[in-house]
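Engineer: Take a look at the following structure, please.
The values are calculated or read from the model by the stated rules, or taken from the named source; none is laboratory data. Since this is a predicted model, take the numbers as computed values, not measurements. Note that we place each Cβ from the backbone using ideal geometry, even for glycine, and neighbour counts take in every protein chain shown. Side chains included, ligands, DNA and RNA excluded: accessible areas come from the protein's heavy atoms. Shrake-Rupley method; radii C 1.70, N 1.55, O 1.52, S 1.80 Å.
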Amino acid sequence: MDIPGRNATLTIVMSIAIHNLKGTVAALFVLVTFSTNCFAQQADSRDEGELLQKLAHSTPEQAFAIDRQLQALWSQSGSPSADLLLERGREALDDGEVDAALDHLTALTDHAPDFAEGWHLRASAFFGVERFGMAAADLEHVLTLNPNHYEAIYGLGLIFEVIGEPQKAYEAYSRALAIHPHHEEVTNAVNRLKPQVEGKAL
């Protein structure tokens with residue numbers, strides 16, 4: 001996807017965004033594996049709405065544990081074959097094999113179109129190869145299935161920032177922060193853009 005008017009500033013923003021997303025994806029691999037092993041049983045017994053409500057009013061320490069439960073909950077497809085495709089997609093991304101990851105994750109979204117995490121992970125793969133339009137479309141699909149998926153909202157913010165839409169990026173980041181008020185990457189993004197957006201408003 002070509003982006004008009006790319007300049008040095010946009011390149012810096014893009015590098016920040018891609019670095020942040022790759023860090024988020026890498027952390028998610030570890031996080032979901034750990035969460036699935038240690039918290040899956042607990043996540044099964046918890047209600048998503050209750051977890052989100054607790055997250056909104058949590059301390060940073062509480063937010064960390066609640067986030068792990070939500071990630072574990074969102075990674076449960078209810079289908080062994082879908083779980084296998086998700087795992088293979090994650091492993092391929094972790095190994096830097098984006099084409100293979102996209103194959104697995106496209107098969108997953110075809111097989112389980114109502115499983116939001118499949119669309120979310122495929123959006124991460126598209127973002128990593130700068131196919132921002134495809135990434136944005138997948139993230140919108142995630143939010144159709146799960147409007148409270150703060151990682152997907154954060155991803156949209158990154159895309160808006162990369163293509164030079166700071167106001168839209170700031171709005172997306174603020175929306176994600178309202179759901180997860182202790183999300184470190186989102187907090188950093190809000191603080192990064194706040195002077196620029198508030199300056200334009202004046």
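Engineer: Starting from the coordinates of the alpha-carbon atoms of region 72-202, obtain the Kirkwood hydrodynamic radius over all distinct pairs and give the value in Å to one decimal.
Structural biologist: When all Cα pairs of region 72-202 are included, the Kirkwood radius is 15.2 Å.
Engineer: At q = 0.29 Å⁻¹, what log₁₀ I(q)/I(0) does a Debye calculation on the Cα points of region 94-146 give, no solvent, two decimals?
Structural biologist: Treating every Cα as an identical point scatterer, log10 I(q)/I(0) equals -1.15.
Engineer: Report the FRET efficiency, 1/(1 + (r/R0)^6), for E165 and Q53, where r is their Cβ-Cβ distance and R0 is 25 Å, rounded to 0.05.
Structural biologist: Once the sixth-power term is evaluated, E becomes 0.20.
Engineer: Given a 1.4 Å probe and every protein chain left where it sits, what share in percent of the accessible area of region 62-202 is carbon and sulfur?
Structural biologist: It is 51 percent, rounded to a whole number.
Engineer: What does the charge count around E117 come to, taking other residues whose C-beta lies under 14 Å from its C-beta (Lys +1, Arg +1, Asp -1, Glu -1)?
Structural biologist: For residues surrounding E117, the net value is -3.
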